[in-house]
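Every number in this text was worked out from the coordinates using simple rules, so none of it is lab data. Fair warning: this is a prediction, and the values are worked out from it, not measured in the lab. Heads up, the Cβs are rebuilt from the backbone with ideal geometry, glycines too, and the neighbour counts pull from every protein chain shown.
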Amino acid sequence: MIRILVAEHLPLVRRGLVSSLDAEAGLTVVAEVGNGADVVPAALARSPAAAVIDLDLPGGGLAATLRLREEVPDCRVLILSAQPNPGQVRGAFAAHALGFMSLDVAPEQLADGVRAIAAGRRTVDSELVVAALESAANPLTRRELDVLRIAAEGARSTEIADQLFLSVGTVRNHLSRIMCKTGARNRIDAVRIANDSGWL
């Protein structure tokens, strides 16, 4: 019997995941939580072999995955995302998750994914793998990424310049090059593109 922890902040979705997994042969949900901070304590108390964690969990699904890896290394993680993109796939595997799936997968696919990660095998939706492989390599320099990260927080050019000890003109040049390289219409679009591609 594979013991599972479910971490999902939306009660209705969590209940659906628990019911779906419990209905599968050889699977049993032994813990369910709605916050990233509760993942490790629940895992330590209930010793699951697998954890199904929502990427958008309050406190951070990836942060919870990293803590779980450090404190309960025998528990393998499958990340779920409501709006999956290639950057999220790379981020999940960088956090040592073994699986990544969309929240709208069929129940039997989710169950197969849990079985796979519990056996130590990677599992990810094939369409997401293709998208991740096809997504362009990061064209931005380290300094351009610094500028874009601060811009993503809503900072104006003068504030970016102050934080990075640059002139306002240099910041504007960086933003112009960023928009050129990403094909973005504006800085908000550039942030979205960089996030979706996993560059930020």
Practice problem: At a temperature of 25 °C and a viscosity of 0.890 mPa s, determine how fast the stretch 139-189 diffuses translationally according to Stokes-Einstein, using the Kirkwood radius over alpha-carbon pairs as Rh; express D in µm²/s, rounded to the nearest whole number. | Solution: 231 µm²/s
Self-check item: From phi via Karplus (6.51, -1.76, 1.60), per-residue ³J(HN,Hα) for the stretch 30-46 in Hz, x at Gly/Pro
Solution: 9, 7, 9, 9, x, 9, x, 5, 8, 5, 5, x, 5, 5, 5, 6, 10
Quiz prompt | Net charge, Leu145 excluded, C-beta distance under 12 Å - Lys, Arg +1, Asp, Glu -1 | solution = +3
Quiz item: Which one of Phe93, Thr170, Val30 is farthest out on the positive end of the charge dipole of the chain, using unit charges on Cβ (Lys, Arg +1; Asp, Glu -1) and the Cα centre as origin?
Solution: Thr170
Self-check item: Cα-based shape type of the chain, given that a ≥ b ≥ c are square roots of the gyration tensor eigenvalues and the cut on a/c is 1.5
Solution: prolate
Practice problem: Could you size up the charge dipole of the chain around its Cα centre, putting +1 on the beta carbon of Lys and Arg and -1 on that of Asp and Glu, and report it in debye to the nearest 20? | Solution: 640 debye
Quiz item: For Val39, what charge total do you get from the other residues with a beta carbon under 14 Å from its beta carbon, if Lys and Arg give +1 and Asp and Glu give -1?
Solution: -2
Practice problem: Using θ = phi - 60° and the Karplus relation 6.51 cos²θ - 1.76 cosθ + 1.60, list the HN-Hα couplings for the stretch 93-104 in order, rounded to whole Hz, with x at every Gly or Pro. | Solution: 6, 5, 8, 6, 6, 9, x, 8, 9, 6, 5, 9
Quiz prompt | Distant-in-sequence amide H partners of Phe100 (H built 1.01 Å from N, under 5 Å) | solution = Ile79, Thr123, Val124, Asp125
Practice problem: Measure nothing but the geometry: give the 0 to 90° angle between the long axis through the Cα atoms of 142-152 and the longest principal axis through the Cα atoms of the chain, rounded to 10°. | Solution: 80 degrees
Quiz item: Of Leu12, Gly60, Ile117, which is farthest on the positive side of the dipole of the chain, counting Cα position, with +1 on Lys and Arg Cβ, -1 on Asp and Glu Cβ, and the Cα centre as origin?
Solution: Gly60
Quiz item: Looking at the square roots a ≥ b ≥ c of the eigenvalues of the Cα gyration tensor of the stretch 1-113, which shape do they give, rounded for a/c under 1.5, prolate if a/b is larger than b/c, or oblate?
Solution: rounded
Self-check item: Burial ranking of peptide ranges 47-54, 94-101, 5-12, 26-33 (average Cβ count within 10 Å, highest at the top)
Solution: 47-54, 94-101, 5-12, 26-33
